[in-house]
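Participant: I'd like to ask some things about the structure below.
The values are calculated or read from the model by the stated rules, or taken from the named source; none is laboratory data. The shown structure was predicted, so the numbers you read here are calculated from the model rather than taken from an experiment. Virtual Cβ from ideal backbone geometry, glycine too; neighbours counted across all protein chains shown.
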Amino acid sequence: MKDQATKEKFIELRGAQGLSYDKIATRLKTSKQTLITWAREYEYDIANLKQIQLDTIREKYRLTKENQIELLGEGLKKVRDEIGRRDMKGISTDKLLSLLLKFNQEIREETTAPVFRTRETISDLGGIFSDMQTVHTWQG
């Protein structure tokens, strides 16, 4: 049986670094089947760590939701201003309206929040329901 530190290293390698089971098995000197079992057991921890890593990358390259929404908002404002100056009779206005719709759609997509999950195991009645789990979802 592996210690908790090995399991935590597995979560880090799988979640934050996204390594394959083969690479992790070699590094931790653990069987691939054990890693697959741990992946099921710690699926929420791995998913949350992946989300945190993705947020770090977005921030590093200024791809944060706030920055993306700001850039899209600036583009949307320019398109709206240009449409306001037009008489709406030319073909190029259709293209501007199409851009307006695209910017609106992009802003809607960018404003969705990340979802983090936790899991609690129910251990009532002497373990009768020990395999049942409650999933809690948090949206930031």
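Participant: For Tyr42, are the conditions met, namely being at pLDDT 90 or above, under 18 Å from Phe116 (Cβ atoms) and aromatic (Phe, Trp, Tyr)? If you could, list the steps in order and put the result at the bottom.
Facilitator: Working: at pLDDT 90 or above: yes; under 18 Å from Phe116 (Cβ atoms): yes; aromatic (Phe, Trp, Tyr): yes.
Criteria met by Tyr42.
Participant: Is it the case, given these coordinates, that Gln53 is of a type outside the set (A, V, I, L, M, F, W, C), assigned by TED's automatic domain parsing to the domain that holds Leu101 and in contact (Cβ under 8 Å) with a residue 24 or more places away in the chain? Explain how you work it out, then say what you get.
Facilitator: Values: of a type outside the set (A, V, I, L, M, F, W, C): yes; assigned by TED's automatic domain parsing to the domain that holds Leu101: no; in contact (Cβ under 8 Å) with a residue 24 or more places away in the chain: yes.
For Gln53, the condition - of a type outside the set (A, V, I, L, M, F, W, C), assigned by TED's automatic domain parsing to the domain that holds Leu101 and in contact (Cβ under 8 Å) with a residue 24 or more places away in the chain - is not met.
Participant: Does Lys23 satisfy being touching a Leu at 6+ places or on another chain (Cβ under 9 Å) and more than 26 Å from Arg108 (Cα to Cα)? So that I can check it myself, show each step before the final result.
Facilitator: Details: touching a Leu at 6+ places or on another chain (Cβ under 9 Å): yes; more than 26 Å from Arg108 (Cα to Cα): yes.
The answer is yes for Lys23.
Participant: In the range 4-46, how many are over 18 Å from the mean Cα position of the chain (by Cα) and either within 24 Å of Ile57 (Cα to Cα) or not in a loop (DSSP other than H, G, I, E, B) (or both)?
Facilitator: The first filter runs over the range 4-46 and keeps only residues over 18 Å from the mean Cα position of the chain (by Cα), leaving 4-10, 20-38, 40-41.
With either within 24 Å of Ile57 (Cα to Cα) or not in a loop (DSSP other than H, G, I, E, B) (or both) added as a condition, the list becomes 4-10, 20-28, 32-38, 40-41.
Residues flagged as over 18 Å from the mean Cα position of the chain (by Cα) and either within 24 Å of Ile57 (Cα to Cα) or not in a loop (DSSP other than H, G, I, E, B) (or both) within the range 4-46 amount to 25.
Participant: Has the range 82-99 got at least one residue that is exposed (fewer than 11 other Cβ atoms within 10 Å of the Cβ), modelled with pLDDT of 80 or more and of a type in the set (Lys, Arg)?
Facilitator: Scanning the range 82-99, I find at least one residue that is exposed (fewer than 11 other Cβ atoms within 10 Å of the Cβ), modelled with pLDDT of 80 or more and of a type in the set (Lys, Arg), so the answer is yes.
Residue by residue, here is whether (1) exposed (fewer than 15 other Cβ atoms within 10 Å of the Cβ); (2) within 30 Å of Glu8 (Cα to Cα); (3) touching a helix residue (DSSP H, G or I) at 6+ places or on another chain (Cβ under 6 Å) holds:
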position: Thr37; (1), (2), (3): yes, yes, no
position: Leu49; (1), (2), (3): no, yes, yes
position: Lys65; (1), (2), (3): no, yes, yes
position: Glu70; (1), (2), (3): yes, no, no
